[in-house]
Protein chains: 2
Amino acid sequence: MERLLLIFKALSEETRLKILGLLRNGELCVCDITAVLNMTQPNISFHLGLLKEAGLIKDRRNGRWIHYSLDESDMFVRFLLLGIFEKTGGMSGVKIKRKRKC
Amino acid sequence: MERLLLIFKALSEETRLKILGLLRNGELCVCDITAVLNMTQPNISFHLGLLKEAGLIKDRRNGRWIHYSLDESDMFVRFLLLGIFEKTGGMSGVKIKRKRKC
DNA sequence: TCAGTATATTCCAGTATTCGAATATTACAA
DNA sequence: TTGTAATATTCGAATACTGGAATATACTGA
């Protein structure tokens, strides 16, 4: 129950759904997400923390950069993500311009 | 997106997950749910309203009683409910004692 | 119509969530 | 080491959510 609540709470906010949609096409660093969503970096970090705590995304550090990506190791989460992307289009239209290779 | 948010917000609260679990075995009236969960009736009505607005449950009036049941008309919702019940056990152990046929 | 029961709505206090600003941490490069 | 860039944490204000109490509405039976 606790785990489920964490997952659904994480999913019940627009910014976080947007982040998941952005990650659909592969991993991104915090600065990329911050730039695309036009919010402050601490705020994005906060949302990423909730998503990670819920087990929806995972991170990978590479030097200064931390890359976030979808965590599809859990079957139920995988279903959720599929459903979300199907319903929202998964940010497929958003063009991500990365300033640098990070 | 809006619809999805409604669904996930509805699912991100323990009382509402419990209500869904109770409804797993069939429709119940508000007074039944109120009795089992030991909360005030207005509060239960409030939660039922959110669940209904999200399209997770539907209601059927029969005289004074309003019976709520799972709304499985949407495929994604059906997946969600299955996942929830699998993870929580779906209140399967709770014995519902109904005072009367309602 | 009136009384009683089932459910919904309103109101308010307590709590949680969200955001930006300020600040701290981590890692690298010079 | 020192400076800088990427990310995380803390803090405070605004907003949203939750729960109980009081009240309103809907229906039924007498």
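The values are calculated or read from the model by the stated rules, or taken from the named source; none is laboratory data. Predicted, not measured: the structure shown is a model, and the values here were computed from it. Every residue, glycine among them, receives a Cβ derived from its backbone with ideal geometry; neighbour counts consider all protein chains shown.
Going residue by residue through region A:82-91, is there one that turns out to be small (Gly, Ala, Ser), within 16 Å of DNA strand C (Cβ to nearest atom) and either in a loop (DSSP other than H, G, I, E, B) or at pLDDT 95 or above (or both)? No - not one qualifying residue is present in region A:82-91.
Count of region B:17-27 residues, restricted to those that are within 14 Å of DNA strand C (Cβ to nearest atom), surrounded by fewer than 23 Cβ atoms within 10 Å (Cβ to Cβ) and in a helix (DSSP H, G or I), is 1. Applying the criterion of being touching a strand residue (DSSP E or B) at 6+ places or on another chain (Cβ under 6 Å) and within 10 Å of DNA strand C (Cβ to nearest atom) to the residues of region A:28-67, the residue that is farthest from the other protein chains (Cβ to nearest Cβ) is A:Trp65. Scanning region A:50-60 for any residue that is modelled with pLDDT of 95 or more and near DNA strand D (Cβ under 9 Å from one of its atoms) turns up at least one such residue. Looking across region B:39-78 at every residue that is more than 16 Å from B:Arg3 (Cα to Cα) and aromatic (Phe, Trp, Tyr), the one that is nearest to the chain's Cα centre (by Cα) is identified as B:Tyr68. Close Cβ contacts (under 8 Å, 6 or more residues apart or on different chains) running from residues in region A:5-18 that are more than 7 Å from every other protein chain (Cβ to nearest Cβ) to residues that are acidic (Asp, Glu) comprise A:Leu6/A:Glu53; A:Ala10/A:Glu53. Mind listing just one residue for me: the one in region A:66-75 that is buried (at least 16 other Cβ atoms within 10 Å of the Cβ) and touching a residue at least 24 places away in the same chain (Cβ under 8 Å) and, of those, farthest from DNA strand D (Cβ to nearest atom)? By that ranking, first place goes to A:Leu70. From the set of residues in region B:33-63 that are without any contact (Cβ under 8 Å) to a residue 12 or more places away in the chain and in a loop (DSSP other than H, G, I, E, B), which is surrounded by the most Cβ atoms within 10 Å (Cβ to Cβ)? Top of the filtered list is B:Thr40.
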